[in-house]
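A.B. asks: Take this structure first; my questions come after.
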Amino acid sequence: MIELRDVVKAYGGRRVVDGVSFVVEPGQVCALIGASGSGKTTLLKMVNRLIAATSGSIRVAGRDIRDERPEMLRRRIGYVVQSFGLFPHWTVEDNIATVPRLLAWPEERVGARVRELLTLLRLDVEEYRGKYPHELSGGQQQRVGVARALAADPELLLMDEPFGALDPVTRAGLRAEFARIHATTGKTILFVTHDMDEALELADVIAVIENGRLVQFGTSREIVERPATEFVRDLIGRAEIGLKRLAVQRVGERMQRGKVDGRGPAIEASSTLREALAHMLAQHTDRLLVRDDSGAVVGSIDLAELVRSP
């Protein structure tokens, strides 16, 4: 869905993005992570031509983005920014309807899409469609921003620090909603973050950017278990690598199949080892039964197996 080949952006001879190449497959979530000023937001904005690349190529769904008019390209790419970016004098409904109306959708179809998206984002249709942005909380404004980005059913969603302006509690809640919405829509998503925990939790693949260069690209597990450079290791947190490993490994990988005796607290095989450890602490137990997707108990996991080195 996204293919970057040797992408460069230079300002006055200084390369803020320097020869970046990677591929994001359809339906994947990719996180761009790095320090402030590393070039990750510039890279994101080059995908929808808000910033023009100096050299290299970017393809979206197999098409070179230079072969399309910028406004047409942006209508098939959703874009969510940290500061919400809602039009202050427009209602929630009008904000969400922006792109469908530009595309001359019939009003009946526009209204149906607004209702569908408010329901998806868990905002009551009748309560929120007529509200203005200043009447919403930060978390509600961000949900409306996501709904607006999804309104015309784009092929790709770009998100620039989508949770950065929110308080920690709201941020955690919206991260969970993000995962649910992605599971529901199956959209390809490219998002910028400076939070490694956020990247590990939400992304299928992670691109680590340092001083404009791509220093590692891989799955969450690959990044945690095999950091390519000292910079990547520092981003993960040297003292927390063990805990990060628990966050990217699944109970099903460590459980003992068929070892089921008695009753007790249980957890899904798809849960992370970190979730299993938290469940053990909450239940005051060193052993959990393990359920499959159908709810059937298929094994168990004990504390010693959970914390052993991979």
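The values are calculated or read from the model by the stated rules, or taken from the named source; none is laboratory data. Because the structure is a prediction, the values reported are computed rather than measured. For neighbour counting, all protein chains shown are included, and Cβ atoms are generated from backbone atoms with ideal geometry for every residue, glycine included.
A.B. asks: If we keep just the residues of the range 62-98 that are without any contact (Cβ under 8 Å) to a residue 24 or more places away in the chain and part of a strand (DSSP E or B), which is nearest to Val110 (Cα to Cα)?
C.D. replies: Looking at residues that are without any contact (Cβ under 8 Å) to a residue 24 or more places away in the chain and part of a strand (DSSP E or B), I get Arg63.
A.B. asks: Still on this structure, please answer the following. Quick one: is Ile189 more than 22 Å from Leu120 (Cα to Cα) and among the hydrophobic types (A, V, I, L, M, F, W, C)?
C.D. replies: No; evaluated as a whole, the condition is false for this residue.
A.B. asks: Give the residue, chosen from Leu214, Leu246, Leu202, that is surrounded by fewer than 21 Cβ atoms within 10 Å (Cβ to Cβ) and among the hydrophobic types (A, V, I, L, M, F, W, C).
C.D. replies: Leu246
A.B. asks: If only one of Glu116, Glu126, Glu201, Glu107 is within 30 Å of Leu273 (Cβ to Cβ) and in the same structural domain as Thr219 (by TED's automatic domain parsing), which one is it?
C.D. replies: Glu201
A.B. asks: Now, a different point. Considering each of Ala104, Ala97, Ala112 in turn, give the residue that is of a type in the set (Gly, Ala, Ser) and closer than 15 Å to Arg148 by Cβ.
C.D. replies: So the residue among Ala104, Ala97, Ala112 that is of a type in the set (Gly, Ala, Ser) and closer than 15 Å to Arg148 by Cβ is Ala97.
A.B. asks: Which one is farthest from Val23 (Cα to Cα), of the residues in the range 210-221 that are in contact with a strand residue (DSSP E or B) (Cβ under 8 Å, 6 or more places away or on another chain) and of a type in the set (D, E, K, R)?
C.D. replies: Once the filter is applied, the top-ranked residue is Glu210.
A.B. asks: Here is a further query. Scan the range 164-186 and give yes if some residue there is within 14 Å of the chain's Cα centre (by Cα), farther than 23 Å from Leu86 by Cα and among the β-branched types (Val, Ile, Thr), otherwise no.
C.D. replies: yes
Yes or no, residue by residue, for (1) assigned to a helix (DSSP H, G or I); (2) crowded, with 21+ Cβ neighbours inside 10 Å; (3) modelled with pLDDT of 90 or more; (4) not assigned by TED's automatic domain parsing to the domain that holds Lys131:
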site: Asp153; (1), (2), (3), (4): no, no, no, no
site: Leu158; (1), (2), (3), (4): no, yes, yes, no
site: Phe163; (1), (2), (3), (4): no, yes, no, no
site: His182; (1), (2), (3), (4): yes, no, no, no
site: Phe191; (1), (2), (3), (4): no, yes, yes, no
site: Val208; (1), (2), (3), (4): no, yes, yes, no
site: Arg221; (1), (2), (3), (4): yes, no, no, no
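A.B. asks: With the condition kept exactly as written, say whether any residue in the range 101-108 is of a type in the set (Gly, Ala, Ser), more than 23 Å from the chain's Cα centre (by Cα) and over 23 Å from Leu174 (Cα atoms).
C.D. replies: Yes, the range 101-108 has at least one match.
Residues checked against (1) part of a strand (DSSP E or B); (2) crowded, with 16+ Cβ neighbours inside 10 Å; (3) in the same structural domain as Pro162 (by TED's automatic domain parsing):
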{"position": "Val7", "(1), (2), (3)": "yes, yes, yes"}
{"position": "Val16", "(1), (2), (3)": "yes, yes, yes"}
{"position": "Gly19", "(1), (2), (3)": "yes, no, yes"}
{"position": "Ser38", "(1), (2), (3)": "no, yes, yes"}
{"position": "Thr41", "(1), (2), (3)": "no, yes, yes"}
{"position": "Leu44", "(1), (2), (3)": "no, yes, yes"}
{"position": "Ile51", "(1), (2), (3)": "no, yes, yes"}
